[in-house]
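K.L.:
Below is a structure I'd like to ask you about.
Where a number appears in this text, it was derived from the coordinates with a stated rule and is not lab data. Note that this is a predicted model, so its numbers are computed, not measured. Here the Cβ positions follow ideal geometry from the backbone for every residue, glycine too, while neighbour counts run over all protein chains shown.
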Amino acid sequence: MRLVPASLSGRIVALTLLALVVSQLVSFFIFMHERDRFLERVVLSNMGESVASAMRTLDFVPPVHRADAVKALSTRDLRYRLADSPGRLFEQHSPEARGMARDLARGMEVDVARLRVAIGPGLAHGPNRQAGDALRLAVRLDEGQWLRARQRLFDPTRRWAQSSLTTLLVSALLMVVIVVVTSRRMTRPLRELARAAERFGRGEDVDPLPERGPEEIRRSITAFNRMRERLTRFMAERTRMVAAIAHDLRTPITALRLRLEFLPDDDNTRSMARTLEDMAGMSEAALTFMREETAAEATRNVDLSALVDALCEDYRASGAAVVFEPEARVALVCRPVAIRRALRNIIDNALAYGERATLTLSDGAESVVLEIADTGPGIDDADMQRVFDPFVRLEASRSRETGGTGLGLSIARSVVQGHGGEIGLVNAEGGGLIVRIRLPRDRTR
């Protein structure tokens, strides 16, 4: 279970809610501490004044009517009764009770020896506080009787906790709405940057991004725009240079062909003619490769299974042994012409060296995997990476006579990597070579 949100907006919201909860908890504990002190002062002051007033009133009431007077003086929260003794008072010897007795005696202007004080659960400190008697007091009257007083206190903690919880929820809701809207606006340039970087990494043409947002994000966008401009310029210059070299080779190759026409038709002349044909083929292949590199094909959502099936049907129509059994529809955002060109190069190699090509397509949540297997002899492990280099043609079964110009796999790798994918070679256990292509799904749309 992931406790930390993955997105930046989610982390900002989580951090804000955490700060809100911590601040509310701190405020709660501070309030409870101050409330205890304030409540104690209020209860002592109110009870002292009320008991002193009741004592003065009883001084003017005949003894036979004092019981009725005591009942009349009682309220819902402060009740009086007369007794011959102070009664059984709990915690009467505690230091807090003795301190309260001194404060009450000072306020009531009576001798502290005439007072008995007990602290009830309503005025207890900490977690022991609950609704009930806050303070019990017994004061000896001049006639020897004891006036007992009981101050009740209804605990407001539960009501305050409910109010605090409501305030917390409302504050959290408002803060989440504000933070989500603000963070999404702040991170929008980052999302645009991520989409542009993904598209640029797949070889698509990307316009410069507007430099907006916080300073750190603006710097990142500025760096990306500069990198995009430099890479685009570098690739364009490299393409023009290679294309110019390949184009300029046509003139001397043509001149050499003309000179060969005037030479005797022998083995040496025919060998030179084949060499010139190879050079001409390589030059044309290089021009084709550069044109395809600079072609800006737009990406679109296509059915990859139908695309592969149509390509294999073209091969089968010409009598080639190409096997593919399409299953469910596999939707993928790609450049279909480029994908078709890459697959054609790989299938051509499979038919040239294995005489049979078997294609399988598997769909996944993150990527699509396409495998092309042949029945040829395979290649050495040391040549697995080198075979993707331009103009590399392996010896033995993959010789110059059957190897073409050596650009087929280079073009295929360029197309696959231009889609952000991977391409690799694996020798099959029963013989033959497997070309495995992994194309990621576009998560930026």
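K.L.:
For the pair residue 321 and residue 280, how long in nm is the line joining their label points, each one 7 Å along Cα→Cβ?
P.N.:
Going from the residue 321 label point to the residue 280 one covers 3.4 nm.
K.L.:
Could you size up the charge dipole of the stretch 297-440 around its Cα centre, putting +1 on the beta carbon of Lys and Arg and -1 on that of Asp and Glu, and report it in debye to the nearest 20?
P.N.:
It works out to roughly 460 debye.
K.L.:
Tell me the label-point distance for the pair residue 215, residue 170, using the 7 Å Cα-to-Cβ offset, in nm and rounded to one decimal.
P.N.:
3.8
K.L.:
Using amide H atoms built 1.01 Å from N in the peptide plane, name the residues 5+ places from residue 391, or on other chains, whose amide H lies under 5 Å from its own.
P.N.:
So residue 391 has HN proximity to 407.
K.L.:
Let me ask something else. Show me 377-390, 186-199, 409-422 ranked by packing, highest mean number of other Cβ atoms within 10 Å first.
P.N.:
For the peptides 377-390, 186-199, 409-422, the packing ranking is 409-422, 186-199, 377-390.
K.L.:
Check which residues have an amide H placed less than 5 Å from residue 378's amide H, if you skip close sequence neighbours.
P.N.:
Answer set, sorted by chain and number: 432, 433.
K.L.:
Find how much the distance from residue 262 to residue 18 grows on full extension, using 0.36 nm per residue of separation minus their present alpha carbon separation; answer in nm with one decimal.
P.N.:
78.9 nm
K.L.:
Could you rank the peptides 304-313, 330-339, 272-281 by their average count of other C-beta atoms within 10 Å per residue, with the highest value first?
P.N.:
330-339, 304-313, 272-281
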